[in-house]
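> Here's a structure for you.
The values are calculated or read from the model by the stated rules, or taken from the named source; none is laboratory data. Keep in mind that this is a model prediction, so the values were computed, not measured. With ideal geometry, Cβ positions are generated from the backbone for all residues, glycine too; neighbour counts draw on all protein chains shown. Note: accessible area is taken over every heavy atom of the protein model, side chains too, but ligands, DNA and RNA are not part of it. Shrake-Rupley method; radii C 1.70, N 1.55, O 1.52, S 1.80 Å.
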Amino acid sequence: EAGVAQSPRYKIIEKRQSVAFWCNPISGHATLYWYQQILGQGPKLLIQFQNNGVVDDSQLPKDRFSAERLKGVDSTLKIQPAKLEDSAVYLCASSSHRGNYNEQFFGPGTRLTVL
Amino acid sequence: QKEVEQDPGPLSVPEGAIVSLNCTYSNSAFQYFMWYRQYSRKGPELLMYTYSSGNKEDGRFTAQVDKSSKYISLFIRDSQPSDSATYLCAMRGPWGQGAQKLVFGQGTRLTINP
């Protein structure tokens, strides 16, 4: 079974520029998550999709971050314009609904550096 | 106060030692408790999860949850250099209560020296 795929793996941009990240979840997984992991911290949930609907985006800075999951499969996360404090690893995870516990499987992440 | 507190370390121990990693939390609604391992430049991978209080053992790893103290632990026996990684605790509320949002600790960076 292929894992969660993310691209690009690394991105360096200047502040105020725009950037987009792509995620392909594990086949058949209905739930997709985007996390932000700042260096030395644990991941923080930005947004959760159930199929192509948003379940939780309470911690997404909506003035600059946006995300979509068209057709309930792939997802993109965009930052526009980027700030220095957006430098972090952006992790995508997916899970299926089986029983009372649904393990989240993480991709390798996209490491963003904002200069 | 953060919902989940974890000593960031770093923690360095000799090979074969017993390692104890801990987290405390403030939200009494948490019912699922997870430990993730994250190697450098990789995504977190689930090591173990425990529902509610009690112990769970898997090979060299033992997870403990004490809900009365809001305290969870991960023990690693006979530690190996391959166990060197960052260990993240994570927690979430009961199934069905809104989003299944995981709340992570800061992570403890562990190094096992040969």
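> Hey, among B:LEU46, B:LEU21, which residue is free of Cβ contacts under 8 Å to residues at least 24 places away in the same chain, assigned to a strand (DSSP E or B) and within 14 Å of chain A (Cβ to nearest Cβ)?
The conditions single out B:LEU46.
> A further question on this structure: Sort out which residues of the range A:6-54 are polar (S, T, N, Q) and over 26 Å from B:TYR87 (Cα atoms), and write them in order of number.
Listed by number, the residues that qualify are A:GLN17, A:SER18, A:SER27, A:GLN50, A:ASN51, A:ASN52.
> Only one of these conditions is not met by B:SER73: (1) surrounded by fewer than 18 Cβ atoms within 10 Å (Cβ to Cβ); (2) within 14 Å of chain A (Cβ to nearest Cβ); (3) not aromatic (Phe, Trp, Tyr). Which number is it?
(2)
> When the residues of the range A:24-54 are filtered to those that are among the β-branched types (Val, Ile, Thr) and within 12 Å of chain B (Cβ to nearest Cβ), which remaining residue is most open to solvent (accessible area, probe 1.4 Å)?
A:VAL54
> May I pose another question? If you check A:ASP57, A:ASP86, A:ASP74, which single one turns out to be open to solvent by 10 Å² or more (accessible area, probe 1.4 Å), at pLDDT 90 or above, over 27 Å from B:PHE30 (Cβ atoms) and out of contact with any Phe, Trp or Tyr (no Cβ under 6 Å at 6 or more places or on another chain)?
After ruling out the rest, the residue left standing is A:ASP74.
> Further, regarding this structure: Kindly list, by first and then second residue, each pair from a residue in the range A:23-34 that is over 14 Å from A:ASN52 (Cβ atoms) to a residue that is among the acidic types (Asp, Glu) and open to solvent by 20 Å² or more (accessible area, probe 1.4 Å), limited to pairs with Cβ atoms under 6 Å and residues at least 6 apart or on different chains.
A:ASN24/A:ASP74
Here's the yes/no breakdown for (1) over 22 Å from A:SER96 (Cβ atoms); (2) part of a loop (DSSP other than H, G, I, E, B):
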{"residue": "B:ARG37", "(1), (2)": "no, no"}
{"residue": "B:SER79", "(1), (2)": "yes, yes"}
{"residue": "B:TYR87", "(1), (2)": "yes, no"}
{"residue": "B:ALA90", "(1), (2)": "no, no"}
{"residue": "B:GLN106", "(1), (2)": "yes, yes"}
{"residue": "B:ILE112", "(1), (2)": "yes, no"}
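> In the range A:1-20, which residue that is within 13 Å of chain B (Cβ to nearest Cβ) and assigned to a strand (DSSP E or B) is nearest to A:VAL89 (Cα to Cα)?
Checking each candidate, the answer is A:TYR10.
> Go through (1) open to solvent by 50 Å² or more (accessible area, probe 1.4 Å); (2) in contact with an Asp or Glu (Cβ under 7 Å, 6 or more places away or on another chain); (3) of a type in the set (A, V, I, L, M) one by one and return the number of the condition A:ILE79 breaks.
(1)
> Next up: Look through A:SER66, A:SER94 and report the one residue that is under 12 Å from the mean Cα position of the chain (by Cα) and open to solvent by less than 10 Å² (accessible area, probe 1.4 Å).
Sole residue among the options that is under 12 Å from the mean Cα position of the chain (by Cα) and open to solvent by less than 10 Å² (accessible area, probe 1.4 Å): A:SER94.
> If you check A:GLY107, A:GLY3, which single one turns out to be under 14 Å from the mean Cα position of the chain (by Cα) and either open to solvent by less than 10 Å² (accessible area, probe 1.4 Å) or within 25 Å of B:SER40 (Cα to Cα) (or both)?
A:GLY107
> Continuing with the same structure: From B:TYR32, B:TYR25, B:TYR39, which residue is under 17 Å from A:GLN104 (Cα atoms), aromatic (Phe, Trp, Tyr) and crowded, with 18+ Cβ neighbours inside 10 Å?
Of B:TYR32, B:TYR25, B:TYR39, the one residue that is under 17 Å from A:GLN104 (Cα atoms), aromatic (Phe, Trp, Tyr) and crowded, with 18+ Cβ neighbours inside 10 Å is B:TYR32.
> Sticking with this one: Can you report the number of residues in the range B:9-18 which are assigned to a loop (DSSP other than H, G, I, E, B) and exposed (fewer than 15 other Cβ atoms within 10 Å of the Cβ)?
5
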